Protein chains: 2
Amino acid sequence: MLKSVYTKEFNSPFSNQSRTALGEELAELQRECTEEDISVIIMVDGWESSGKGLVINNLARELDARSSRVAVFEDYSKEDDYFYTYQFWKHKPAMGDFGIFDRSMYYHLFNQLDLSAEDQQTWIRHIKNLEQTLYDDEIILIKFFLHQTQEEQKRIIDTHQQDPYRNILVSKKDLEQNENYEEYYKHFAELLKKTNFAISPWHIVPSADRIMASKHVMGTSINIINDEIKRIKQTREAEKKYKHPYFKAEKSIEDFDLTSSLNKDEYKRVIDDLQARAGALAFALAKANIPTVMVFEGMDAAGKGGAIKRLIYQMDARLYHINPTSAPSDLEKDHHYLWRFYNNFPRDGHIAIFDRSWYGRVMVERVEGFATEAEWSRAYGEIRNMEEELLDDGMLVMKFFLVISKDEQKRRFEARQINKPYKITDEDWRNREKWDVYVEAIDEMIAKTSTEKAPWTIVSSEDKKHARVKVLETFIQEAERILENN
Amino acid sequence: MLKSVYTKEFNSPFSNQSRTALGEELAELQRECTEEDISVIIMVDGWESSGKGLVINNLARELDARSSRVAVFEDYSKEDDYFYTYQFWKHKPAMGDFGIFDRSMYYHLFNQLDLSAEDQQTWIRHIKNLEQTLYDDEIILIKFFLHQTQEEQKRIIDTHQQDPYRNILVSKKDLEQNENYEEYYKHFAELLKKTNFAISPWHIVPSADRIMASKHVMGTSINIINDEIKRIKQTREAEKKYKHPYFKAEKSIEDFDLTSSLNKDEYKRVIDDLQARAGALAFALAKANIPTVMVFEGMDAAGKGGAIKRLIYQMDARLYHINPTSAPSDLEKDHHYLWRFYNNFPRDGHIAIFDRSWYGRVMVERVEGFATEAEWSRAYGEIRNMEEELLDDGMLVMKFFLVISKDEQKRRFEARQINKPYKITDEDWRNREKWDVYVEAIDEMIAKTSTEKAPWTIVSSEDKKHARVKVLETFIQEAERILENN
């Protein structure tokens, strides 16, 4: 892809327009995007010292600051406590906003000549999934790569080095890249080809003439945004008619054996020891720098909170965090539904417990119609991809589904109304009326998201003591397994 | 303070109660606090290896995870890109929530034996101001210091070191502290005495017996929270009757000379050069690691946005960020009004521009009654304290107030309705009707918050070109001054 680009004598079709005029056109489009709830991400990546600063400046300065933000991506090494797309999710613009990215989630790929073929493939797979997710979520992603020759790069580095202030722009990386220009050239060419996806192609911009490059980036962005707004409006119409294909699960949660139970003495005999072991294993995972995610789903009143409380009882409170998932806040509603979870995944050595989770997308949001049929229908795949990313990062992922019978739920609701009225609402009773629809959603969810490496653990919670012990035992078993293989 | 504490044979008045019972009582109080919109911060600080982990565990595990969070404070050195209370504001619990702090904003003070007397005094002053602000905002702050003898500390360090997992809890700091126990003892005793404020006293807890210490922390917290809830309810009643003392400013913004102007040619002659210099100075500030805050306030349609746009025109977009301040979001409403600003102050070498700011508290919130009279009345002092903290951190702080006449505003409103209808709302016209009340608020604000190191720069914006040049010139002058003294 790089070969076809002449870096000298490049003449952009937008060369006759002024940057101010292009900037104002972009600002006009921004207002339209804000009105239409369409986000735009403009990625400015490329060689070191290739003029990203000026291009970003020109892109940003006419935009409305209330709905745009320049985000600087750091070298992955500084953030490698986290999974692949961590920085992206931190910087992702909210619905209707513009995000201008200085570099991108490609930084680490571009930067590392010595990344193994396998690691490279894994990164590319997750980036590809991410770009598909953005596309499906009607976010416009525009990818620019600023290109220049070895001599041009050298000239800029020299100029910067001689400037008393701008010399802070020159790092070792710049010099190293210029010295090994040929090697990087091949590396970039290969990566650009591999990640030139149909839905998100690269735009290579010769940047020797900084002003020309700026105009080209602005003009190209304007054209793409105009086209994409049209496409998105059509997609929105089409999606309204989308029907999720009927799915019949082979097994139903309703047939799950709920007879397991533990009497008080048996429970008392084992619980202290299990909790002490879980507490010790939390330290062991911390020491091994392994991040852990534990998802708790289940029927209302199935005892998720109680099971979590017993699980963490002897864990050091600095090692775990419980994320209760309730209705999304205003800010969360302005983002992709996975955004709030991506921003709460644990850093290495920590445990994130989710009391309800992203699976709400295919349960409550499906049943109550908070998500469109097209949205929840594609969520199964999005969730599988997300969990695969976490697993590839070396995360321990456990998913518990706590089951109770409809009768037992009734007993617990009634008991709550007497003893803990703050724990029962009209909504709980309304959800109960939709028991069968929920079961259908649960069955499909379990069938479609139980993967080899992140299977669902179905736990009978008809007897709470049994459920609590089962959760602890599963955590201990899984933690020991991953530590052994570490 | 430490001397009066016997670390051995300590018998807490809560020793006969079980931790579960105390935890449940705390959870019950948490529900009350959530209902009453009262936040609670429980700080657990103290010696290294003094059992903070277990105490925090016991505090946290019975609480409702939806409205509580354990926050771990890092050693200041990792965050020293930022001002003194940065970590506090990052971790501050929202209205009605519980925050359990593992260490606190005192960490750096406790940790640094070699802090100069002046630095220590500065830190203590800002912490004192912070605790007063929390007190005034009806946030319950409970400060615990876990204390132990040199032998007890040694014993725990040894036990941890021999544990295959818990050995990660032992750092060099633990060993160093134990070796220099006497010196740290004196250091802690002095600091505890100096920061034992009437509104936020320390509670020293002998922690050799971990379980006893946990019970004592829980029981003490319960008693304090009960007392404080009563006090806060009384304060709320009393505050309703608060009347802000009448204030007559010596000068009025209405008497400001608005005749300055620049013709098109003069403007064209200077603007490019000023913008280039501002762009270079942004790099110079970055290189010198100086953070900069620029506040823009002014009448509606005074041209704040336009002045900001010209200011940043040649600045590298990675060095500045524009923070537009509109009505607070749901989350922001659940916090102290300064919270959203504290969380957006620049890190070293960066420029944060505020298009409207915390001064809204004493303008729009005062005039429209969004803040109570008691709230905006004490805001002048809170704002002075906050800016002093930023200045002490070495920040460059500039505050611009753009003035136009009432007639000029009318002309601009009318022009907007024709050319930029998206920039004018009914609210703008309504605010205009309250011109005199706003002027009164502005005059008092400028009189009370123009300090020696952070004065207001009043800018006539009757002629926009004059205002833009004046802002650029002021930035250049101030940046050069701070760089010279650096």
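Values quoted throughout were computed directly from the atomic coordinates according to the rules given, and no laboratory measurement underlies them. Keep in mind that this is a model prediction, so the values were computed, not measured. Note that each Cβ is placed from the backbone with ideal geometry, even for glycine, and that neighbours are counted across all protein chains shown.
Quick notes on this one:
- Just so you know, the Cα atoms of the range B:19-239 work out to an Rg and Dmax of 17.4, 57 Å.
- Cα centroid separation, the range A:223-249 to the range B:203-229: 58 Å.
- In nanometers and ordered shortest first, the copy-to-copy spacing of the A:Pro164 label point, defined 7 Å from Cα toward Cβ, is 6.2.
- Among B:Lys193, B:Lys465, A:Lys194, the ranking by other beta carbons within 10 Å of each residue's beta carbon, starting with the fewest, stands as B:Lys193, A:Lys194, B:Lys465.
- Each residue of the range A:478-486 was assigned a 3J(HN,Hα) from its phi angle through the Karplus curve 6.51 cos²θ - 1.76 cosθ + 1.60 (θ = phi - 60°); the sequence is 5, 5, 5, 4, 5, 5, 5, 7, 6 Hz, with glycine and proline shown as x.
- Local electrostatic count at A:Phe247 - Lys and Arg +1, Asp and Glu -1, tallied over other residues with Cβ under 11 Å: -2
- Taking the Cα atoms of the range A:327-458, the ratio Rg/Rh between the radius of gyration and the Kirkwood radius comes to 0.98.
- 17 Å Cα-Cα reach of A:Lys264 towards aspartates and glutamates, excluding residues that sit fewer than 8 places from it in its own chain: A:Asp272, A:Asp273, A:Glu462, A:Asp463
- A Cα-only calculation for chain A places Rg and Dmax at 26.0, 84 Å.
- Alpha-carbon centroid distance for the pair the range B:281-315 / the range A:330-354, whole angstrom: 33
- Volume per residue that the Cα convex hull of the protein assembly as shown spans, once the total is divided by residue count, Å³: 195
- For A:Thr372, the distances from its label point to the matching points in the remaining copies are 4.7 nm, ordered from shortest, with each point set 7 Å beyond Cα toward Cβ.
- Here the Karplus relation 6.51 cos²θ - 1.76 cosθ + 1.60, evaluated at θ = phi - 60°, turns the backbone of the range A:132-139 into coupling constants of 5, 4, 5, 4, 5, 8, 6, 9 Hz, with x for every Gly and Pro.
- Spin-label pair A:Glu254-B:Ala189: with each label point 7 Å from Cα along the Cα-Cβ axis, the two points sit 7.3 nm from one another.
- Shortest-first distances to equivalent copies, position A:Ala117, nm, label 7 Å out along Cβ: 6.9
- Chain A: calculated mean residue ellipticity at 222 nm from DSSP helix runs of at least 4, using -39500 (n - 2.57): -16000 deg cm²/dmol
- Order of B:Ile253, B:Ile127 - criterion: other Cβ atoms within 10 Å of each residue's Cβ, fewest first: B:Ile253, B:Ile127
- Using C-alpha pairs below 8 Å separated by at least 6 residues, the relative contact order for the range A:4-106 is 39 percent.
- Going by neighbour counts of Cβ atoms within 10 Å, the residues B:Leu274, B:Leu285 line up, fewest first, as B:Leu274, B:Leu285.
- The amide H of B:Phe354, built 1.01 Å from its N in the peptide plane, has B:Met294, B:Val295, B:Phe296, B:Asn323 as neighbours under 5 Å, considering only residues 5 or more places off or on other chains.
- Taking amide H as placed 1.01 Å from N in the peptide plane, B:Ser68 has its amide H under 5 Å from the amide H of B:Phe98, each at least 5 places away in sequence or on another chain.
- Sequence-separation-based contact order of chain A, relative, with Cα cut under 8 Å and 6+ spacing, percent: 18
- Taking trypsin sites (Lys or Arg not before Pro) across the range B:224-284, the ones in a DSSP loop with at most 13 further Cβ atoms lying within 10 angstrom of their Cβ are B:Lys241, B:Lys243, B:Lys248, B:Lys251.
- Minimum Cβ-to-axis distance in chain A for the rotation onto chain B, with residue, whole Å: A:Asp330, 3
- Long-range tail of P(r) for the range B:266-400 (Cα pairs > 23 Å, %): 39
- Alpha-carbon centroids, the range A:406-427 and the range A:114-160: separation in whole Å: 53
- A straight Cα-to-Cα reach below 22 Å connects A:Lys233 with the lysines A:Lys92, A:Lys143, A:Lys241, A:Lys243, A:Lys333, residues fewer than 8 places away in its own chain not being considered.
- Per residue, the average separation of C-alpha pairs within less than 8 Å and at least 6 apart gives the range A:336-486 a relative contact order of 28 percent.
- Computed over the range A:253-484, Cα set: Rg, Dmax in Å: 17.5, 50
- For the range A:245-329, chymotrypsin sites (Phe, Trp or Tyr not before Pro) meeting the loop criterion (DSSP other than H, G, I, E, B) and having at most 10 other Cβ atoms within 10 Å: A:Tyr246.
- Working note: Karplus 6.51/-1.76/1.60 with θ = phi - 60° gives the range A:195-209 the couplings 10, 8, 6, 4, 7, 8, x, 7, 10, 8, 10, x, 10, 4, 8 Hz, where Gly and Pro are set to x.
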